[in-house]
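Working notes, beginning with the structure itself.
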Amino acid sequence: MKKTTVLTAALCAAALTVTVCGVLLLVSLSAYSGAGEINGWDMMFMMPGSALSVAAAALLLTDCGCIALAAVLIVSYIRTGRALKNNVEKKPERFSRLMKIDREGVSGKTAYNDRTDLSSFCDGFRDFAAADMGLYYDQSVIRSYVAGMACTHLIILQGISGTGKTSLPFAFGKYVCRDAAVTPVQPGWKDRSDLLGYYNEFTDSYTETELLCKLYEADLCDDVFTVVLDEMNIARVEYYFAEFLSLLELPDGPDRRVRVTADSRGNDPALFENGDLRLSDNVWFVGTANNDDSTLAISDKVYDRAFVIELNGRCKPFTAKGSGRSHVSASRLKEMFREAMLNGPMSERIRVIFEQTDAYLTEHFGISAGNRVIRQAERFIPVFTACGGTEDEAADILICRKILRRLENVNPVYCRDGADGLIRFLNGVFGGYAPENSVNYVRRFKAVN
């Protein structure tokens, strides 16, 4: 292409030069025809008149040849440019699955049923899981799961094997008419490419994961999307999930973008912006975690940003009142969260319980809850109450999962010696309510030798 362009320009310049010379020669011949001629010689050009005519004709012929050759090169240049353009347009799409979503849209879209409240939503989910899937959960677990969605987009389900940790978010996806994307975590995962995929230079294509496709679909509709990180602590969560941990702390907006590829192309998916994809706020990540020799400890950085639910026992089977799905939109679900916080904010009595508990733990065990726990309590407790629970139960769950959990970092012998005093304090600070979750958690330390 570059050689053709240079040659075409040179021929055009030569043709222009020859044309100018030929025109000047013809003008000269016309102006001085016979005037300076002596014995057939042109005295101005110092050559025979006949030779001068031949030179003029030769220049004109050369000019025509240059113009013709330049025209041929121009046509060749245009054809080559079109061929290269067609070659670019026919270049294989490196994001084949995402481009298919662009062409065909999000699958499984149906009309939303937003005429519901949080209490009916939770009761319906519990009955649906029991009647349609044979899964039985306590009401407090269902309420904690939904209320946990109100305070964070990362929920961790912990407990012994076989208690329904993976089944809970899977059933929730069925209930809201958008199947959960279950992603089994692998021991060797180290960065976000294990979650989103990677670019293959040999095939000039991108290996797209199911998670990447779900994140792309989530940005195209208002469904409630659930991503399950199964056995999330079989690898270092702080490594492969680091970018998402930071993004989930940001409010929904243009800054919540995850890097997918380092460059951008004209035939990339429509929602990509300089290789980035927006992380929509209708996506919730649910990680399941086992505590055994095959897994790694989850750091405080992850726990602080997540809501933890313990599943260490089986719920007794019960007869479901009814069955049916609830295709609620993410906008309506978040609206119900806001209504709960507006209509039933956390009471001052519960706020005092948190402050006194934090002061006691700081004095006797050297640990503190931090401001993030209070912010989460201001969201979790009103929503848990709107789901059908009580403020005391919600506060007990949150203190157990978010504050007392920090005792794991304290010397176990020291915790054992202070367990009785802490239990007396918890029973006293709650007044007439028995904080079973918190008390049972502290009792574990009494068994330390």
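The values are calculated or read from the model by the stated rules, or taken from the named source; none is laboratory data. None of these values were measured; they are calculated from a predicted model. Counting neighbours? That spans all protein chains shown, and the Cβs are built from the backbone with ideal geometry, glycine included.
Observations on the structure shown:
- So Asn113, is it over 30 Å from Thr163 (Cβ atoms), in a loop (DSSP other than H, G, I, E, B) and modelled with pLDDT under 95: yes
- Per the listing Leu333, Leu311, the residue uniquely hydrophobic (A, V, I, L, M, F, W, C), touching a strand residue (DSSP E or B) at 6+ places or on another chain (Cβ under 9 Å) and within 19 Å of Arg126 (Cα to Cα) is Leu311.
- In this structure, Thr226 qualifies as among the polar types (S, T, N, Q), closer than 20 Å to Leu333 by Cβ, crowded, with 16+ Cβ neighbours inside 10 Å and in contact with an Asp or Glu (Cβ under 9 Å, 6 or more places away or on another chain).
- Candidates are the residues of the stretch 227-262 that are among the acidic types (Asp, Glu) and within 12 Å of the chain's Cα centre (by Cα); the one that is modelled with the lowest pLDDT is Asp252.
- Checking each residue in the stretch 346-357 for being free of Cβ contacts under 8 Å to residues at least 12 places away in the same chain and either of a type in the set (Asp, Glu) or under 25 Å from Ser120 (Cα atoms) (or both) picks out Glu348, Glu355.
- Among (1) modelled with pLDDT of 95 or more; (2) over 22 Å from Val328 (Cβ atoms), the one test that Tyr206 misses: (1)
- For the stretch 229-278, filtering for residues that are of a type in the set (Asp, Glu) and either closer than 18 Å to Arg305 by Cα or crowded, with 17+ Cβ neighbours inside 10 Å (or both) leaves 7.
- The residues of the stretch 394-439 that are under 30 Å from Asp117 (Cα atoms), of a type outside the set (Phe, Trp, Tyr), modelled with pLDDT of 90 or more and over 34 Å from the mean Cα position of the chain (by Cα), listed by number, are Ala434, Pro435, Glu436, Asn437, Ser438.
- Segments classed as strands (runs of 3 or more DSSP E), wholly inside the stretch 137-243, with at least 2 members that are without any contact (Cβ under 8 Å) to a residue 24 or more places away in the chain and aromatic (Phe, Trp, Tyr): none
- Residues that are touching a Cys at 6+ places or on another chain (Cβ under 9 Å) and over 21 Å from Val429 (Cα atoms) are absent from the stretch 348-365.
- Pick from the stretch 136-176, criterion at pLDDT below 95 and hydrophobic (A, V, I, L, M, F, W, C), ranking: surrounded by the most Cβ atoms within 10 Å (Cβ to Cβ): Cys151
- Arg379 being outside the structural domain of Val308 (by TED's automatic domain parsing), out of contact with any helix residue (DSSP H, G or I) (no Cβ under 6 Å at 6 or more places or on another chain) and under 18 Å from Cys151 (Cα atoms): no
- Residue check: Thr295 meets all listed conditions (1) farther than 21 Å from Arg379 by Cα; (2) at pLDDT 95 or above but one, namely (2).
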